[in-house]
Amino acid sequence: MDYRKKVGIMGGTFNPIHLGHMLVAETAYETFDLDEILFVPSGIPYMKENVLDAKTRITMTGLAIEGNSHFALSTIEVDRDGNSYSYETIRDLKAANPNIEYYFIVGADSLFKMDKWMCPEKIFSEVIVLVARRPGHAEDELNAQIKELKEKYNADIRMLPINCVDISSTNIRDKVRNHQSIRYMVHDQVIEYINKNHIYWSEDEK
């Protein structure tokens, strides 16, 4: 039997990418014996507003992951016109790589929203979903949501053995605006890039 390569998809706005994203990705890689984690910055996220331009977010993501040989960057969503939909990303990746088994990595907060995403049935039918706990969701609440999605979509959903990583991109942006340290929250090269280019600074400080 031929070996099927196993690749994790780590999507997000990455505005900016932080160490919580990277810790979840590394945990998924190790726990499920994946061959690679593909970081996919979103193009035009239809459910979020005031997102930094794609080029800057791609650059920061590249800086954060460049030292890890099993992390890779994909611009598939940025290169596609229009809004970014996860089901299209999964569809296109599978069409280009039919022999790869894909694992879709999400936080618990996203799992509670996936039923409202565009074509959730196409996501659950094509990938194994890996879930990381996030603050704000009790264990029994999360288990109930997983059970519901499994029954509704025949989904394959698996938990990542990682505790809540209480780092948020929103909090990081606020700290930068308030001239507070984001050390140990964001990769050092990303911090240097943010400061050098005055990203997230107030307009009168640029």
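In loop segments of the range 53-128 as defined by DSSP, the trypsin sites (Lys or Arg not before Pro) with at most 16 further C-beta atoms inside 10 Å of their C-beta are Arg80, Lys113. With helices as the sole contributors, the chain gives -11000 deg cm²/dmol at 222 nm; each DSSP H run of n ≥ 4 counts as -39500 (n - 2.57), and the sum is divided by every residue.
Using only alpha carbon positions, build the gyration tensor of the range 106-170, then give the equivalent ellipsoid semi-axes as the square roots of 5 times its eigenvalues, largest first, whole angstrom.
Its equivalent ellipsoid spans semi-axes of 20, 13, 11 Å.
Taking 0.36 nm per residue of sequence separation and removing the Cα-Cα distance, the Glu121/Asn68 pair yields an extension gain of 15.8 nm.
Protection proxy ranking, highest mean first, for peptides 189-195, 153-159, 135-141, 10-16: 10-16, 189-195, 153-159, 135-141, where packing is the per-residue count of other beta-carbon atoms within 10 Å, averaged. A quarter of the convex hull surface defined by the alpha-carbon atoms of the range 74-140 gives 5.4 nm² as the mean projection.
Gain on full extension, evaluated as 0.36 nm per residue between Asp188 and Met159 minus their Cα-Cα distance, stands at 7.5 nm. Each pair of Cα atoms in the range 149-206 enters the Kirkwood radius, and Stokes-Einstein at 37 °C and 0.692 mPa s then converts it into a translational diffusion coefficient of 232 µm²/s.
Take the cross-link list Lys94/Lys116; Lys6/Lys116; Lys55/Lys116; Lys5/Lys113; Lys6/Lys196 and give me the ones stretching past 25 Å between alpha-carbons.
Pairs exceeding 25 Å: Lys6/Lys116; Lys55/Lys116; Lys5/Lys113; Lys6/Lys196.
Summed over all non-identical Cα pairs, the Kirkwood treatment of the range 1-116 gives a radius of 14.7 Å. Three principal axis extents describe the C-alpha atoms of the chain; from largest down they are 55, 38, 32 Å. Annotation for Arg91 and Asp166: the two label points, set 7 Å from Cα along the Cα-Cβ direction, are 4.0 nm apart.
For the range 15-82, the ratio of Cα radius of gyration to the globular rule of thumb 2.2 N^0.38 Å stands at 1.15.
Every read-out reported here was derived from the displayed coordinates using simple, explicitly stated rules and does not represent laboratory data. Predicted model, so just to flag it, every value in this text is computed and none were measured. Don't worry about glycine lacking a Cβ; one is built from the backbone with ideal geometry, like all the others, and counts go over all protein chains shown.
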